[in-house]
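Visitor: Have a look at this one.
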Amino acid sequence: MSLTAPAYRPIATLCACTCLAFAQDITGSGTVTGFVKGSGGTPASGVRICAVGTPRCATTSDSGGYRLPELRSGSYQLEITVPAQQAFRSSTVEVRAGVETTVDIELPQLAASQQTLTVSETVYVAPEEVKNSGYLIPGKEVWSLAGANQDVSRYVQTLPGVALGSDDFRNDIIVRGGSPLENLFIIDNIEIPNINNFANFASAGGTNSLLDAQLIQDVTFLSGGYPAPFVNRTSSVLQITQKEGDRQRLGGRLTLGSGGLGGILEGPVNKGKGSWIASFRRSFLDAFTDDVGFGGVPITYTFNGKVLYDLTSRDRIWAANITGVDDIRLGLNDENRGKEEISTLDIRYRGWRSATGFNWQHLFGVRAVGLLGITTSQARVNQQVRDLVRITPPPPPGTSNEDLIAMAPVIFKDKSGENETTFKYDLTLFAGRAGKIQTGANFKIFRLNYLVQSPFGSDVPFSPVPDVNPLDLQRKFRAYQNSAYFQSTMDVAKRLNITWGGRFDNYQYLGATRFSPRAGLSYRLSQKLAWKLSYGQYFQQPFFLFVSAFPQNRGLIPWRAEHFVTGFHYTASPTLRITLEAYQKNYRDYPVALQFASVSLANVGDTFAVSDLLFPLASAGRGRVRGIELFLEKKFTNKWFGQANLAFSQARQAGLDGIRRPASFDYPVIANFTGGYRFNSKWEAGLRVSYLDGRPYTPFDEKTSLAQRRGVFDLTRIAELRALDYFRVDFRVDRSFIVRDKPLIVFAGIQNLTNRKNFSSYLWNRATNRPEINEQLGLFPIIGLDWRF
């Protein structure tokens with residue numbers, strides 16, 4: 001966008017817009033970069049650009065380029081000084097943590113005693129070290145996307161190559177065919193094992209996010225080939241920066257949505273030197289019913305908070321907390337008795353998880369920034385499952401539901417806790433011709449306390465014999481992990497930029513140390529088109545619950561995923577970006593079942609049934625995922641915005657038998673479209689359309705299943721069948737009001753507008769003793785509001 005001034009007051013113009021960005025936030029700071037041109041479009045060298053109120057200044061090169069590195073997140077003015085002319089200042093430039101903000105400046109032809117630079121929305125571009133597969137999502141889009149339920153994970157499910165798990169009820173993210181166990185979550189520099197309600201220690205998803213979407217500033221998502229600073233996950237990195245509170249006044253807002261009824265308060269600290277913000281939400285369905293169709297109603301409480309303070313112009317500290325408490329009962333009720341599989345069980349679950357982090361950021365002059373982080377996360381689960389099918393002798397007809405539940409034996413009990421404390425330090429240095437250097441280290445302490453009992457064993461459907469692997473795990477122990485990394489990014493030619501580095505990780509509990517090399521390059525074919533390539537090896541330790549469950553599992557080692565990613569990135573206009581990427585992931589040493597030759601943990605993780613995942617394991621699995629992704633994004637301009645993507649892929653995983661079969665998360669075709677249209681200042685509408693090819697599944701051996709009254713797979717037909725394709729349309733409309741001089745937004749919409757009965761799972765219903773297809777959520781209305789005061 002160019003801004004034109006009246007003749008009597010020349011104004012420098014800014015070519016500014018918003019494009020998708022992606023970044024890695026390991027310092028809590030951002031960068032302003034761009035080019036300065038004269039009125040004829042020629043590069044303007046020797047122009048000095050400073051961020052007002054900071055020591056950060058730069059002088060444009062012969063090409064007109066400049067860079068103001070590692071500015072703390074916040075609002076700044078730029079001061080522009082042209083040789084032999086008076087300096088002038090811009091309007092506000094917003095700097096966000098982990099984001100490069102591009103501000104291109106066109107100088108006026110005529111010098112003037114008064115000049116200003118007006119800044120509109122800024123361009124976001126990738127930092128040099130991120131070569132491929134990255135996306136920046138503004139928090140507002142998470143809150144407003146149709147069908148996302150104000151859940152960041154559900155928004156991510158609309159990005160290229162990302163699929164949902166087994167059910168719309170869960171928010172697992174499947175990234176390029178990888179298990180949901182393979183995703184790393186970082187909130188304000190705090191690593192969190194799971195950011196969802198109703199989580200367990202054998203999965204990484206849940207029902208809904210603990211994070212209040214109204215507190216989200218930006219989301220960075222890296223789906224492959226990511227740089228060296230990120231630890232111990234083999235598929236993706238989901239990095240979230242929460243908003244700062246208001247530094248000027250006390251305020252807040254009331255919210256109602258899928259996460260529940262809640263409120264947000266915010267305000268200044270010490271006359272604007274800092275700020276605080278806090279959110280509290282509670283689910284409300286239990287106020288209207290004690291059963292939403294599966295024998296109970298979920299109850300959740302969530303708290304998010306952040307405090308930030310500027311000690312000096314060079315030192316900033318902040319602390320953040322994310323906490324969730326949840327409770328649910330599932331099972332027998334009057335409506336499902338004798339009809340549904342859930343009526344054969346009584347499940348009681350209570351969970352609590354919390355993560356707290358403290359960070360200290362220090363600016364070393366104008367060329368370096370360091371970030372110290374100390375974080376702790378805790379999780380507790382108290383779960384019990386009773387099996388009504390195992391009541392002996394069989395109860396007489398007419399026995400009440402309460403008596404049936406009391407008579408049923410406990411088949412699974414989990415009363416466990418995990419605690420993780422991390423000390424980490426990251427340093428970024430700008431070393432002139434040596435480019436950008438990043439280095440850091442961390443040390444983790446794990447405190448594990450497991451009480452997991454499965455006295456009857458598991459009826460895993462891969463076993464033709466019932467009640468295998470009885471378990472009585474009662475163990476309390478500590479474990480440690482430490483790591484260090486180094487990374488360098490530099491221009492080696494006018495058009496060529498390279499990144500190289502690696503990390504060492506020591507897994508004390510497994511007695512293993514691994515080195516992970518990372519490399520990437522970007523070659524600028526033109527001002528709008530670039531070719532990029534990245535390579536990396538990534539290691540991940542199996543979850544401690546898996547390693548601890550059976551003696552054989554102590555022999556497990558970290559599994560490895562090798563990423564190859566290449567593609568073309570085309571900026572068609574300031575608000576339109578197109579990318580085309582191809583990738584391949586090679587897996588080795590994945591945990592696989594010793595007893596069931598075709599079973600790999602690469603095919604699990606999107607389930608609440610922890611007991612079905614606990615069996616003896618060996619690090620012998622191999623796999624391969626390859627694919628092509630096309631992505632197009634149009635950022636919001638005057639009326640509308642949207643993004644569309646199309647992905648083709650093939651995922652194959654092998655168990656102990658070495659036969660590569662279609663993986664559980666093999667979706668050959670995935671297509672998504674999301675968009676919105678602003679009719680005027682009061683009305684907006686949004687649309688989401690999702691399509692996935694059917695996922696593979698294994699049919700039952702009906703004769704054996706009928707005889708044993710449980711599902712037993714036909715092991716000669718593993719992953720032979722495919723479900724029907726998944727298709728869903730979601731719609732939402734927002735209406736803005738002014739109530740007591742404060743903005744109020746009311747929204748309403750419909751999820752699964754076509755009421756399509758999408759496939760969820762293939763199960764054996766023990767209540768009816770026959771197989772059936774479990775369907776996903778049908779047409780469902782939504783409503784909510786946000787009132788700021």
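Visitor: Just grab the label-to-label distance for residue 739 and residue 506, each label 7 Å out from Cα along the Cβ direction, in nm (one decimal).
Guide: 5.8 nm
Visitor: So, in nm, how far is label residue 773 from label residue 399 when the simple model puts each one 7 Å beyond its Cα toward the Cβ?
Guide: Between residue 773 and residue 399, the simple spin-label model gives 3.5 nm.
Visitor: A further question follows. Cα-based Rg (one decimal) and Dmax (whole number) for the chain, in Å?
Guide: Calculated on Cα positions, Rg and Dmax stand at 27.2, 99 Å.
Visitor: If you stretched the chain out fully between residue 702 and residue 526, how much longer would it get, using 0.36 nm times the residue separation minus the C-alpha to C-alpha distance?
Guide: Answer, rounded to one decimal: 57.2 nm.
Visitor: Under 14 Å from the Cβ of residue 347, count the other residues' Cβ atoms, weight Lys and Arg +1, Asp and Glu -1, and hand me the total.
Guide: Overall, the nearby charge balance is -4.
Visitor: Three principal axis extents, largest first, for the C-alpha atoms of the range 488-546, in Å?
Guide: 51, 19, 10
Visitor: Give, as a single signed number, the net charge of other residues whose beta carbon lies under 11 Å from the beta carbon of residue 488, with Lys and Arg counted +1 and Asp and Glu -1.
Guide: Cβ neighbours under 11 Å give a net charge of 0.
Visitor: While we're looking at this one, here's another question. How big is the gap, in Å, between the Cα center of the range 570-609 and the Cα center of the range 472-486?
Guide: Answer, in whole Å: 25.
Visitor: What base-10 log of the normalised intensity I(q)/I(0) is obtained for the range 146-224 from the Debye formula, alpha carbons as equal point scatterers, at q = 0.13, 0.14, 0.19, 0.22 Å⁻¹?
Guide: -0.35, -0.41, -0.79, -1.11
Visitor: Moving on to the next point. Tell me, how many Å apart are the Cα centres for the range 717-758 and for the range 120-194?
Guide: 17 Å
Visitor: Express in % the proportion of alpha carbon pairs of the range 696-773 at distances exceeding 22 Å.
Guide: Of the Cα pairs, 53 percent sit more than 22 Å apart.
Visitor: While we're here: What accessible area per residue comes out for the chain, rounded to a whole number of Å², with a 1.4 Å probe?
Guide: 39 Å²
Visitor: While we're on this one: To two decimal places, what compactness ratio does the range 517-659 give when its Cα radius of gyration is scaled by 2.2 N^0.38 Å?
Guide: With N residues counted in the range 517-659, Rg over 2.2 N^0.38 Å equals 1.38.
Visitor: Would you kindly state how much longer the chain becomes between residue 270 and residue 681 on full extension, computed as 0.36 nm times their sequence separation minus their alpha carbon distance, in nm to one decimal?
Guide: 144.4 nm
Visitor: Straight-line reach from residue 339: which aspartates and glutamates have a Cα under 18 Å away, not including same-chain ones fewer than 8 places off?
Guide: Qualifying aspartates and glutamates at Cα under 18 Å: 291, 387, 402, 772, 775.
Visitor: At a 1.4 Å probe, what is the % contribution of carbon and sulfur to the accessible area of the chain?
Guide: 59 percent
Visitor: Which values of log₁₀ I(q)/I(0), to two decimal places, follow from the Debye formula for the range 642-725 at q = 0.10, 0.17, 0.20 Å⁻¹ with a uniform point scatterer at every Cα?
Guide: For the requested q values the scattering log ratios are -0.45, -0.81, -0.95.
Visitor: While we're here: With runs of 4+ DSSP H residues as the only contributors, calculate the mean residue ellipticity of the chain at 222 nm using -39,500 (n - 2.57) per run, divided by the residue total and rounded to the nearest 500.
Guide: Computed ellipticity for the chain at 222 nm equals -1000 deg cm²/dmol.
Visitor: What area, in nm² and to one decimal, does the C-alpha convex hull of the range 639-789 cast on average over all directions?
Guide: Hull-based average projected area comes out at 13.2 nm².
Visitor: Can you give me the relative contact order of the chain as a percent, contacts being Cα pairs under 8 Å and 6 or more apart?
Guide: The normalised contact order for the chain reaches 10 percent.
Visitor: Continuing with the same structure: At 0.36 nm per residue, minus the direct Cα-Cα distance, what do residue 356 and residue 789 gain on full extension? Give it in nm, one decimal, please.
Guide: So the extension gain works out to 153.1 nm.
Visitor: Compute the Rg to Rh ratio over the range 250-373 from the alpha carbon atoms, using the Kirkwood formula for Rh, and round to two decimal places.
Guide: Here the Rg-to-Rh quotient is 1.22.
Visitor: Have a look at the range 432-516 and give its Rg and Dmax from the Cα atoms, expressed in angstrom.
Guide: 22.9, 67
Visitor: If I model a spin label at residue 309 and residue 75 as a point 7 Å from the Cα along the Cα→Cβ vector, what separation in nanometres do I get?
Guide: Each label point lies 7 Å from its Cα, and together they span 2.4 nm.
Visitor: If r is the Cβ-Cβ distance from residue 720 to residue 86 and R0 is 56 Å, what FRET efficiency results, to the nearest 0.05?
Guide: 0.15
Visitor: So if I place +1 on the C-beta of Lys and Arg and -1 on the C-beta of Asp and Glu, and nothing else carries charge, what would the dipole magnitude of the chain be about its Cα centre? I want it in debye, nearest 20.
Guide: Magnitude of the dipole: close to 1780 debye.
Visitor: Considering only 237, 455, 650, whose Cα is most displaced toward the positive end of the charge dipole of the chain, charges sitting on Cβ of Lys, Arg (+1) and Asp, Glu (-1)?
Guide: Among 237, 455, 650, the one farthest towards the positive end of the dipole of the chain is 237.
Visitor: With the dipole of the chain worked out from charges on the C-beta (+1 for Lys and Arg, -1 for Asp and Glu) around the Cα centre, which of 396, 408, 781 lies farthest toward the positive end?
Guide: The residue sitting farthest along the positive end of the dipole is 781.
The values are calculated or read from the model by the stated rules, or taken from the named source; none is laboratory data. None of the values given here were measured: they were computed from a predicted structure. Quick reminder, even Gly has a Cβ in these numbers, built from the backbone with ideal geometry, and neighbours come from all protein chains shown. These area figures cover heavy atoms from the full protein model, side chains too; ligands, DNA and RNA do not enter into them. Shrake-Rupley method; radii C 1.70, N 1.55, O 1.52, S 1.80 Å.
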